[in-house]
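Written out below as structure tokens is the structure these notes cover.
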Amino acid sequence: MANYQASRSKKITPRMRAWLAILALLIVSVVLGKATGSIYTKNSIARENKLAAIRELQDLESRQKIMADKLARLKTPEGREEEIRKNLPMAKDGEYVITIVDEKDTKVGSVTEATTTVKMGFWEKWFR
């Protein structure tokens, strides 16, 4: 009887220790699992950002090549002349610049402006 009473007087039994150990391991597993999941999420975001940066770098490099080609062309007298003629109505001595205006566009614009009327609502008519 003394043995029975001595074993009952113990506060934590071996069975309770096992359950406490299992509970502690479960808590540690959940904490580590959340940390691992967070790391995987951050890793995938970092990969996407890296790919976006690589694409942007490639785009900028191609634009730099195009701009370098344009700059090399503009350094030549022919390239400068071509760009000036394209953007400005200028001519050399002995040449003429002719500007062609499409007559249909101007008539259509004036007709649509003249025929456009503003529809008034009931209250606007009443107060006028």
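Every number here is computed from the coordinates shown, using simple stated rules; none is lab data. Given the structure is predicted, the values throughout are model-derived calculations rather than measurements. Using ideal geometry, Cβ is built from the backbone for each residue, glycine included, and neighbour counts are taken over all protein chains shown.
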- Note on the structure: Ranking ALA91, ILE45, ALA21 by how far each Cα lies towards the positive end of the charge dipole of segment 2-94 (+1 on Lys and Arg Cβ, -1 on Asp and Glu Cβ), the top one is ALA21
- Item | Cross-link partners of LYS65 among lysines (Cα-Cα below 19 Å; sequence separation of 8 or more within a chain) | LYS75
- Could the peptides 119-126, 83-90 be put in order, highest first, of the mean number of other beta-carbon atoms found within 10 Å of their residues? 83-90, 119-126
- Query: Hey, what do the phi angles of segment 54-65 turn into as Karplus ³J(HN,Hα) couplings, whole Hz, using 6.51/-1.76/1.60 and θ = phi - 60°, x for Gly and Pro?
  - Reply: 5, 4, 5, 4, 4, 5, 5, 5, 5, 5, 5, 5
- Task: Please give every one of the lysines within straight-line cross-link reach of LYS125, meaning a C-alpha to C-alpha distance under 25 Å, and leave out same-chain neighbours fewer than 8 residues apart.
- Result: none
- Can you list the aspartates and glutamates whose alpha carbon is less than 20 Å from that of LYS92, not counting same-chain residues fewer than 8 positions off? GLU78, GLU81, GLU82, GLU83
